Structures are given as C-alpha cells and as structure tokens.
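Student: Before I ask anything, here is the structure I am working with.
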C-alpha cells in the first residue's frame with residue numbers, strides 16, 4: 001500500500017512494502033525525482049530507496065572489522081560484490097503516520113538466522129520521513145541489537161533525479177574514486193571536474209559512475225525549483241549518470257565505497273551493543289539554503 005505525505009507544496013509517495021522506497025517526490029506539482037506509479041513492482045524503478053546498513057559495494061562481500069572477516073551474501077546486480085545493504089530488499093512496517101510525516105521500521109535477524117544475508121548482527125532500522133517548508137528530511141536510526149558485539153554501520157539514500165535538458169550539478173570536490181572494471185572503487189585520484197563553483201551540465205557527465213568525497217551540500221539545477229542534497233556527517237556522494245536515460249543519481253552516503261571491505265572505519269561507523277546510530281538525509285529548496293542555520297542538522 002502506498003502512503004502519501006502532502007504539505008507545504010510538497011508531495012511524497014512512499015511504499016513501505018517495497019524496500020521502504022519513495023515512488024515519487026513533487027514540489028508544487030513539478031517532479032523532483034523521477035516518478036513511479038503506486039503499483040510499481042521493481043524497486044529499481046522507484047524514485048529513491050534507503051541504503052542500510054551500508055552503501056555502495058563491499059568487495060567480494062568480504063567485510064573486515066578488526067581481526068575479523070565476515071562473508072556477506074553477494075548482490076546479483078553487482079556480482080561479485082555485496083551492494084547497498086539490506087533495507088532496499090525488505091518490507092518495512094509502519095509505526096506512525098500523519099499528514100506530513102511517516103515512520104517505518106524493519107528488523108534484521110542476524111546470527112545465522114535464515115535471511116540474514118551473512119550479516120551476523122541483529123538490528124532494527126527506522127526511517128522517519130518529514131515534510132517541512134524547505135523540503136523533506138529522512139531521518140535514519142539503526143539500533144544494534146547484538147548484546148555482545150559492536151556492529152559496523154553506514155547509511156545513505158539513492159535518489160533518481162529527473163534528467164532535463166538544462167540539468168546541472170554544483171559540487172565541491174577535489175577527489176574522485178576510480179573503479180575496477182567490476183565496479184569496485186580502487187583508488188582516490190585528484191580531479192578538477194568540480195573545482196569551479198559553476199554548475200556542470202549533466203550531459204557533460206554522461207557515463208559517470210563514481211564517488212566524490214565532499215561534506216558540502218550539492219545543488220541540482222534544471223527545474224523551476226533547484227534543490228540541494230545534504231546530510232549529517234556526509235562523507236560524499238556517488239554520481240551515476242547512465243547514457244540515454246531520463247534520470248541521474250546523486251547519492252549522499254556516510255562512508256566511501258568499500259570502506260567496510262578495506263576495514264577503513266571512522267569511530268562513528270562502529271555502533272556499540274544496544275547503541276543507536278543516527279543520520280539525517282535531506283532534499284531542500286536551494287532558495288532556502290541561506291536561511292538554514294545548519295543544513296541537515298539536528299536529530
């Protein structure tokens with residue numbers, strides 16, 4: 001069943017039973033994300049979906065934490081790697097809904113239970129969608145339900161923006177992760193692709209499928225209402241611009257690709273037993289950016 005949030009000019013349609021995904025996002029009738037019907041059956045046709053409890057690829061599904069190596073199930077669409085965590089492949093349940101907000105949750109079993117995808121930690125993931133005057137926030141909270149072991153954790157969102165003739169991106173980044181032929185990020189290299197503050201046309205980025213470290217909001221141009229993509233403790237964004245498609249992706253995430261495969265963790269990526277990990281992701285009007293005290297801030 002689709003759930004519609006509508007307030008302050010914004011309209012978001014959310015599909016709890018299809019990976020907790022968004023089917024569409026509009027502002028004043030104009031699509032911000034590409035739109036899918038409420039009866040869409042494939043999450044890859046949706047407008048956006050959650051990345052929980054990690055984003056992008058983990059090389060060959062081998063997660064490294066301390067001296068421990070955990071073999072995760074591989075994602076068929078990204079073989080031979082694990083990809084984008086579990087949340088997008090699961091049904092989410094509704095815990096609270098109103099005109100402008102919706103809270104969903106999903107419980108992951110862990111510890112060898114069927115369907116754990118090799119992830120040994122039990123956890124609860126929660127998404128809280130909140131429409132406000134400047135846009136929509138997606139608060140994510142992940143509780144480590146393992147009583148004895150700390151759990152690695154990361155999140156992000158995977159929005160598909162409408163690609164228009166005038167679509168462009170403003171992004172401040174001096175580096176870009178280059179990929180192996182199998183899609184796995186292998187090295188951080190310098191780039192001058194986004195050093196200028198001028199918008200870069202999406203047409204000039206066609207074929208791009210790379211991660212760019214940045215902590216600053218990214219502006220998406222092209223429609224009547226430019227928006228910014230932002231998040232708390234954002235490590236960067238993955239840009240995906242497939243040739244010949246009517247969409248492009250700007251995916252804000254909390255950690256670089258394959259960071260968990262390389263065992264490269266920040267302190268915030270490790271969640272103690274019974275502790276909760278919080279991140280907030282947002283799509284906001286670019287016109288409202290100046291008036292925001294701390295974009296994406298607060299929990």
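Here, each number is a calculation from the coordinates, and none is a lab measurement. Computed from a predicted structure; not experimentally measured. Because the Cβ atoms are built from the backbone with ideal geometry, glycine has one as well, and the counts that use them run over all protein chains shown.
Student: Which order results if 10, 281 are arranged by neighbouring Cβ count within 10 Å, fewest first?
Tutor: 10, 281
Student: Ranking 22, 193, 1 by Cβ neighbours within 10 Å, fewest first, what do you get?
Tutor: Least crowded to most crowded, the residues run 1, 193, 22.
Student: Rank these for me by crowding, 209, 116, going from fewest to most other beta carbons within 10 Å.
Tutor: Going from sparsest to densest Cβ surroundings: 209, 116.
Student: Going by Cα centres, segment 176-201 and segment 88-165 are how many Å apart?
Tutor: 28
Student: Something else now. Quick one: the Cα spread of the chain along its three principal axes, in angstroms, biggest first?
Tutor: 50, 46, 38
Student: Taking Cα atoms of segment 65-108, Rg/Rh with Kirkwood Rh, to two decimals?
Tutor: 1.17
Student: How large is the convex hull of the C-alpha atoms of segment 167-230 per residue, in Å³?
Tutor: 91
Student: Something else about it: Volume per residue, Å³, of the convex hull around the alpha-carbon atoms of segment 64-160?
Tutor: Convex hull of Cα atoms, per residue: 131 Å³.
Student: May I ask you to compute the full-extension gain from residue 28 to residue 148, defined as 0.36 nm times their residue separation minus their alpha-carbon distance, rounded to one decimal in nm?
Tutor: Roughly 38.3 nm would be gained on extension.
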